[in-house]
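The structure appears below as structure tokens.
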Amino acid sequence: MKENKTRKENEILKKIRRNATRENEVAQALKRNDGLTWEEDRVVYMEERVYVPNNKKIKEKILRENHDSVNVGHPGQHRMLELLKRNYWWPGLKEDIKRYVQGCFKCQQNKVQHQRKAGELHPLEIPQGPWQEISIDIIRPLPKSNGMDAIVVIVDRFTKMIHLEAMTTNISSEGIVKIYRDNI
């Protein structure tokens, strides 16, 4: 099993050696020559971790091998970040891991729910006749039209009949009662 892991790492290092692209951040770190960043056999090391160039295929292979492998067992974002940070580094590593784990079908299918179970629903009683129970909602602010910038929506719960009335946003509850009394 250890030989298999070493072989996969060697394959990745070969691909990294073939890819000469580097972000500005990495090139500047190499120029600083501070001992934290160095190049060895066409592989850049940053703080003793292999720098992975901006190559989607290489990154995808590393993510897949450190997530989908039977040995690793689909770790979550935090555990996978800890696993990868031991050996690899690239700008945006954390975001790439987050995107990969959130896109993993098996992880989403087996994800543990950390929410309380939803309580029982208690539906409202059905009214006995029309206009005995209503619901009122105000839609605002809207673009002005004929001096009005809101709509009051009155719905009869029995018949589901809707009554719409234009109004202004600064209307009081007494004004809404007046609209209801005069128009319904």
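I need the full set of residues from the range 28-61 which are surrounded by 12 or more Cβ atoms within 10 Å (Cβ to Cβ) and over 20 Å from Asn10 (Cα atoms), in order please. Residues satisfying the conditions are Ala29, Leu30, Thr37. Among the residues of the range 105-136, those identified as outside any loop (DSSP other than H, G, I, E, B) and exposed (fewer than 10 other Cβ atoms within 10 Å of the Cβ) are Phe105, Gln109.
Inside the range 12-34, residues that are modelled with pLDDT under 85 and either outside the structural domain of Trp89 (by TED's automatic domain parsing) or under 19 Å from Lys85 (Cα atoms) (or both) make up a count of 5. Checking the structure you have, find out if any residue of the range 93-104 is in a loop (DSSP other than H, G, I, E, B), surrounded by 15 or more Cβ atoms within 10 Å (Cβ to Cβ), touching a residue at least 12 places away in the same chain (Cβ under 8 Å) and of a type in the set (Phe, Trp, Tyr). For the range 93-104, residues in a loop (DSSP other than H, G, I, E, B), surrounded by 15 or more Cβ atoms within 10 Å (Cβ to Cβ), touching a residue at least 12 places away in the same chain (Cβ under 8 Å) and of a type in the set (Phe, Trp, Tyr): absent.
Contact map, the range 63-75: residues that are crowded, with 17+ Cβ neighbours inside 10 Å paired with residues that are assigned to a loop (DSSP other than H, G, I, E, B) and of a type in the set (A, V, I, L, M, F, W, C), Cβ distance under 7 Å, separation 6+ or inter-chain. Pairs shown: Asn66/Val72; His67/Cys104. Would you call Ile58 in contact (Cβ under 8 Å) with a residue 40 or more places away in the chain, touching a Leu at 6+ places or on another chain (Cβ under 9 Å) and outside any loop (DSSP other than H, G, I, E, B)? No: the conditions fail for Ile58.
To keep it simple, each residue is scored yes or no on (1) in contact with a His (Cβ under 9 Å, 6 or more places away or on another chain); (2) closer than 30 Å to Ala166 by Cα; (3) of a type outside the set (A, V, I, L, M); (4) modelled with pLDDT under 90.
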site	(1), (2), (3), (4)
Arg64	no, no, yes, no
Glu82	no, no, yes, no
Trp90	no, no, yes, no
Cys107	yes, no, yes, yes
Leu142	no, yes, no, no
Met148	no, yes, no, no
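The values are calculated or read from the model by the stated rules, or taken from the named source; none is laboratory data. Computed from a prediction, not measured in an experiment: that's the story for all the values here. All Cβ positions, glycine included, derive from the backbone under ideal geometry; neighbour counts span all protein chains shown.
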